[in-house]
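Chemist: Pasting a structure below so you can have a look.
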Amino acid sequence: MEFVIITGMSGAGKSQAMKAMEDIGYYCMDNLPPTLLPKFVELCYQSKKNIEKVAVVLDIRGGIFFEDLFKGLEELSKEGTKYKILFLDASNNVLIKRYKELRSPHPLNPNGRIIDGIEEERKMLQKVKDKADFIIDTSNMTIGMLKEEISKIFVEGKELRKLTISVVSF
């Protein structure tokens with residue numbers, strides 16, 4: 001089974017990345033607590049459907065559960081499950097702009113300054129970023145560009161099933 005963990009900065013495009021992964025045939029799960037990673041992989045293997053490609057979004061929305069990420073990854077490795085980590089990032093200015101456009105507070109600092117939450121999150125995620133197989137900076141990307149980059153990483157050299165629709169009209 002191909003197993004991808006999508007993580008990164010809040011506002012960097014993890015939800016869009018997950019949608020792109022679904023488009024290329026991955027079974028996706030959002031906001032899974034890291035401690036449940038091994039159990040989730042086990043369920044995928046036991047599924048009556050043949051699940052070959054899985055992507056899971058893990059981020060700080062998991063609160064205290066996110067701290068268990070490395071334990072979960074260690075268990076996956078012990079069980080022989082290979083995984084890749086896709087880390088999404090963006091500059092502080094871009095993240096602040098995205099939060100302001102959505103009129104949304106940062107999850108780590110809901111009543112304070114957005115930049116304080118971003119800086120705290122960067123510190124929390126540095127070890128994960130260091131371990132990442134792929135890092136995408138979405139600062140200057142459109143959603144289409146992000147989808148294209150994900151396709152380059154996860155489809156290149158592989159056959160992608162595409163649906164073609166032809167419409168004939170008079």
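The values are calculated or read from the model by the stated rules, or taken from the named source; none is laboratory data. None of the values given here were measured: they were computed from a predicted structure. In this analysis, Cβ positions are derived from the backbone assuming ideal geometry, glycine residues included, and neighbour counts consider all displayed protein chains. Protein only, heavy atoms only, side chains kept; ligands, DNA and RNA dropped before computing areas. Shrake-Rupley method; radii C 1.70, N 1.55, O 1.52, S 1.80 Å.
Chemist: Testing E52 on (1) of a type in the set (D, E); (2) out of contact with any strand residue (DSSP E or B) (no Cβ under 7 Å at 6 or more places or on another chain); (3) modelled with pLDDT under 90, one condition comes back false. Which one is that?
Modeler: All conditions are met except number (2).
Chemist: Quick one: in the range 71-108, which of the residues that are among the small types (G, A, S) and surrounded by 14 or more Cβ atoms within 10 Å (Cβ to Cβ) is modelled with the lowest pLDDT?
Modeler: This residue is G72.
Chemist: Within the set of pairs 6 or more residues apart or between chains, which connect a residue that is closer than 12 Å to T7 by Cα inside the range 19-33 to a residue that is at pLDDT 90 or above and part of a helix (DSSP H, G or I) with Cβ atoms less than 7 Å apart?
Modeler: D30/M18
Chemist: Read through the list (1) open to solvent by less than 60 Å² (accessible area, probe 1.4 Å); (2) at pLDDT 80 or above; (3) touching a Pro at 6+ places or on another chain (Cβ under 6 Å), then give the number of the only condition that P33 fails.
Modeler: All conditions are met except number (3).
Chemist: Could you grab me the full set of residues in the range 135-148 that are open to solvent by 50 Å² or more (accessible area, probe 1.4 Å) and touching a strand residue (DSSP E or B) at 6+ places or on another chain (Cβ under 6 Å)?
Modeler: The answer is I135, D137.
Chemist: Quick one: is K147 among the basic types (K, R) and part of a helix (DSSP H, G or I)?
Modeler: In short, yes.
Chemist: Give the residues of the range 109-134 that are in contact (Cβ under 8 Å) with a residue 60 or more places away in the chain and open to solvent by 40 Å² or more (accessible area, probe 1.4 Å), sorted by residue number.
Modeler: Residues satisfying the conditions are R122, M124, K129.
Chemist: Regarding G13, is this residue in contact with a Phe, Trp or Tyr (Cβ under 7 Å, 6 or more places away or on another chain), buried (at least 16 other Cβ atoms within 10 Å of the Cβ) and at pLDDT 85 or above?
Modeler: It is false that G13 is in contact with a Phe, Trp or Tyr (Cβ under 7 Å, 6 or more places away or on another chain), buried (at least 16 other Cβ atoms within 10 Å of the Cβ) and at pLDDT 85 or above.
Chemist: Still on this structure: Which of the residues spanning the range 4-56 are more than 16 Å from I143 (Cα to Cα) and basic (K, R)?
Modeler: K39, K48, K49, K53 - these are the residues of the range 4-56 that are more than 16 Å from I143 (Cα to Cα) and basic (K, R).
Chemist: While we're on this one: From the list D68, D23, which one is in contact with a Lys or Arg (Cβ under 9 Å, 6 or more places away or on another chain) and open to solvent by 10 Å² or more (accessible area, probe 1.4 Å)?
Modeler: One residue alone meets the criteria, D23.
Chemist: So which pairs qualify, if the first residue must be in the range 73-99 and part of a helix (DSSP H, G or I), the second must be of a type in the set (V, I, T) and surrounded by 15 or more Cβ atoms within 10 Å (Cβ to Cβ), the Cβ gap must be under 6 Å, and the two must be at least 6 apart or on different chains?
Modeler: So the pair list comes out as N92/I118; L95/I118; I96/I114; Y99/I114.
Chemist: Hey, among R98, R103, R113, which residue is at positive phi and of a type outside the set (G, A, S)?
Modeler: R103
Chemist: Right, next: Report, by residue number, each residue of the range 34-52 that is in contact (Cβ under 8 Å) with a residue 40 or more places away in the chain and in contact with a helix residue (DSSP H, G or I) (Cβ under 8 Å, 6 or more places away or on another chain).
Modeler: Quick first cut of the range 34-52, residues in contact (Cβ under 8 Å) with a residue 40 or more places away in the chain only: 38, 41, 44-45, 51-52.
P38, V41, I51, listed by residue number.
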